[in-house]
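Here is the structure we will look at, set down as structure tokens.
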Amino acid sequence: MHSTLTASTRTTGTFLKNLTVFAALILIPSLGAAPAESAEVVAQPVHIEYRTFNRAHPPADMPPIKENEAALCYYQFGCRVECQTESKRALLKLKPARITKVKMTISLDVTVWLPEKGTEKLRAHEEGHREICEAIYRGAPNLARKWGTKAIGLTLQHSLKDEAAVVAEVKKLQQDLMDAYMQETAASCDRAQTYFDSITAHGTNTLAEKTAVERALAQETTGLHVNTHD
């Protein structure tokens, strides 16, 4: 049995909006493949787009912008999990299904929305948000591999004879893997973005954006308070 589940988290500015799960289960006969030593991870290239807007007449596809926001960095971490299972036969009975392979495909999409007459300082601030996204994503393949590998070799409660029950078990496992991955990437990015806005007073102080990015990432990595003044 081969099962695929996809999730993505969309974040506007620095606030987590939602976690949307799209289920696409594909069932094929198990071929008794040998367990993989570690999960396969495919990291898609970061997709970055720059858009401009007129606040009085924003584009229809632009995410909502708050009254106190002059620009927007909209980012989306994505994760697709595929699991393969097998049930070995013992005498005349099938043993409980076992996870033999896990493939995690991850992605990051960033759209920087800038006003038509934005300042260089404003652009630099939004670029700082983008840099934080990319910095978190650079460590994402190792995180995905860590969680995917933990699932390989796990034994489920039911055999492939009980297909519906196995599908439900695998779907729950996939959701757990995606939740764990998102917690260490998307949620981590949200926190770092919040630190960045605090450190820069939402882009209104004189601290260099590069320095602010470094401090925000350091605070997220260590959990320690960092100097927020220039």
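Taken together, the values in this text are just the output of simple stated rules run on the coordinates, not laboratory data. These figures come from a predicted structure and were not determined experimentally. Neighbour counts run over all protein chains shown; Cβ positions are idealised from the backbone, glycine included.
Numbers at a glance
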quantity	calculated
Förster radius 41 Å - calculated FRET efficiency between I48 and K161 (Cβ-Cβ, nearest 0.05)	0.30
Length gained when the stretch A56-N68 is fully extended (0.36 nm per residue, less Cα-Cα span)	2.9 nm
Q183 paired with A218, simple spin-label distance in nm, labels 7 Å along Cα-to-beta-carbon	2.8 nm
Pairwise label distance in nanometres, K146 with D176, each label 7 Å out on the Cα-Cβ vector	1.7 nm
Simple label model, 7 Å out from Cα along Cβ direction - L122 to A208, nm	2.5 nm
Additional length obtainable on full extension of the chain from E40 to K95, 0.36 nm per residue less Cα span	17.3 nm
